[in-house]
Amino acid sequence: MEKAQELLDQGHLIILFDGVCNLCNSSVDFIVQNRRDDTFRFASLQSDWVEDYLQKNYSDIDIKDSIILLKPEELLQQSDAALTISRYLQFPYNLLSAGFIIPKIIREPIYEWIARNRYKWFGKKESCRIPSPDERGLFV
């Protein structure tokens with residue numbers, strides 16, 4: 001838990017993702033390959049420290065079917081998190097952040113529909129993703 005706060009204090013953003021979801025893991029791979037800089041750190045929602053951190057700091061949120069972006073003093077979920085993450089990607093992927101022009105009342109149901117069906121469409125792993133040796137420093 002202290003590690004997360006230390007990373008946030010250093011200016012890192014932490015992406016919390018479903019570690020057994022194939023779509024989520026592919027998204028993490030995509031972000032790692034297309035990020036502009038060393039801003040992001042990653043952690044599985046199934047991690048004990050994530051559960052403890054969220055319970056202590058954000059006990060009122062529902063993390064089911066959500067990607068979460070931890071920023072200093074702010075937590076973003078679902079389409080807000082995904083679109084904010086895209087701002088930190090290399091061109092042309094950073095243009096995805098233009099999705100913010102779509103009203104949240106329209107974006108969120110689309111996000112939720114994909115999230116509800118992600119296991120059916122993309123599959124699920126038996127256990128959480130293990131980072132490669134080159135990626136270990138990116139994962140909390």
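None of the figures in this text is laboratory data; all of them are computed from the coordinates on show. As the structure is a computational prediction, the values presented were derived from the model and not from experiment. Because the Cβ atoms are built from the backbone with ideal geometry, glycine has one as well, and the counts that use them run over all protein chains shown.
A few remarks follow.
- Helical runs (DSSP H, four residues minimum) scored at -39500 (n - 2.57) apiece and divided by the length of the chain put the mean residue ellipticity at 222 nm at -13000 deg cm²/dmol.
- Segments 78-91, 12-25 sorted - mean Cβ within 10 Å per residue, highest first: 12-25, 78-91
- From the coordinates shown, Cα Rg over 2.2 N^0.38 Å corresponds to which of (1) 1.00; (2) 1.15; (3) 1.27: (1)
- In region 27-140, a dipole from Cβ-located charges (positive for Lys and Arg, negative for Asp and Glu) runs towards its positive end, and of L54, L89, I130 it is L89 whose Cα lies farthest in that direction.
- Here region 1-71 carries DSSP beta bridges of which approximately 40% are antiparallel, counting only pairs with both residues inside.
- 29 Å Cα-Cα threshold exceeded, pairs from K56/K104; K3/K104; K71/K104: K3/K104
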